[in-house]
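Heads up, the thing below is written out as structure tokens.
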Amino acid sequence: MTITPTGNGINTSLGDEGLGQQPWWVEQWMELINSYRFKKRLERAWAYAREGHVTSIRFEGRRVHARVQGTGEDPYKVKLWLDVLSDEDWGYVLEALTQKARWSAQLLAGIMPSDIERAFAASGRRLFPFKLQEVRSECSCPDKANPCKHISAVYFLMGERFSEDPFVLFQLRGRTRAKLLEDLAEQRREALEAIAQDEEASPSATSDTSTTLTPPHPAVLDPTLWWRYDAALDGDLVVITPAMEGDTGLDAAGELPLAEEPRFPDAKQQFLAHLRKQGQTLAQQAMLAAMATGG
């Protein structure tokens, strides 16, 4: 991640090559620190993050522990954390997540749904802090301002971690990745079982409830299935073509070190021509075999 100062604060991007913007959840996290009114302090924090003064960052449970080397001999100790949601709050969140299979699929793919705050709104809470003061922090440095430049430097680098794993945000709110997906899968199973029991109790009733909670794709419960495709491929999706000119093995090999007989100056060319002809014949046979199999 590249961090660069701008007129309004600090901007993060994926690199100098212009690979694109950071994920939206990282940008939203960075908007909080950019709202800090002491811009000079942010610039010093950016320099600390860029120059490697943050010697370690550990995500331990619901807190972030870091060491930042300042002007002193020993590095300063930094802690950051968010207010944790209660089990009751998480119950509302999980119930809301259960209603949308899309949310489950995106989270399993490591993508933060753009409307994820709608799920947290059911509990009256938020996933993202609304203002910078909601990010709790401590630093062992003598600076009384909070956030100090050491805390802010860690804050910048936390955005990089969020880019790699958006589940860190859930962890700071009290649910690890494993626990969240486990609870979500259990919640969907219980909801589907309740629907099945209702249908058995009243078989004549129309199953309108099935439209509000569709059965999850098996891959939601078993992520390994995302990487399998057991169905036969549609023939229209398969195109069989001969190798393009210049794509044969002889062309790729380049000049071959074949001996040349003085009595037969064209022997080398004849031999290579024979190999090319033989390769074309075999390629045609392979195409016919593949087309026969596809039919």
Measuring from label point to label point, each 7 Å out along Cα→Cβ, what is the Ser114 to Glu199 span in nm? 3.3
Between Lys100 and Lys79, with labels modelled 7 Å along Cα→Cβ, what's the label distance in nm to one decimal, could you check? 3.5
Which order do Asp198, Asp230 fall in if you start with the one that has the fewest other Cβ atoms within 10 Å? Asp230, Asp198
Which ordering of Met158, Met112 is given by a fewest-first count of other beta-carbon atoms within 10 Å? Met112, Met158
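Ser56 to Asp87: FRET efficiency via 1/(1 + (r/R0)^6), r the Cβ-Cβ distance, R0 30 Å, to the nearest 0.05?
So, using R0 = 30 Å, E works out to roughly 0.45.
Using a Förster radius of 45 Å, what is the FRET efficiency between Ala122 and Gln69 based on their Cβ-Cβ separation? Nearest 0.05, please.
Values: r = 43 Å, r/R0 = 0.96.
FRET efficiency, Ala122 to Gln69: 0.55.
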Between Asp143 and Arg263, what is the label-to-label distance in nm when each label sits 7 Å out along the Cα-to-Cβ direction? 9.0
Give me Thr71, Thr281, Thr98, Thr176 ranked fewest to most by other Cβ atoms within 10 Å of their Cβ, as a rough exposure proxy. Thr71, Thr281, Thr176, Thr98
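With a sphere of radius 12 Å drawn around the Cβ of Ala122, what net charge do the other residues whose Cβ falls strictly inside it have (Lys, Arg +1; Asp, Glu -1)? Display every interim value, and only then the final one.
Numbers: positive: Lys100, Arg118, Arg125, Arg126; negative: Glu88, Asp89, Glu95, Glu117.
Counting the neighbours of Ala122, the net charge comes to 0.
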Among the lysines, which fall within straight-line cross-link reach of Lys100, defined as a Cα-Cα distance under 24 Å, with same-chain neighbours fewer than 8 residues apart omitted? Lys179
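Since every read-out is calculated from the coordinates, none of them should be taken as a lab result. Treat the numbers as computed from the prediction; the structure is a model and nothing was measured. All Cβ positions, even for glycine, are placed from backbone atoms using ideal geometry, and neighbour counts span all protein chains on display.
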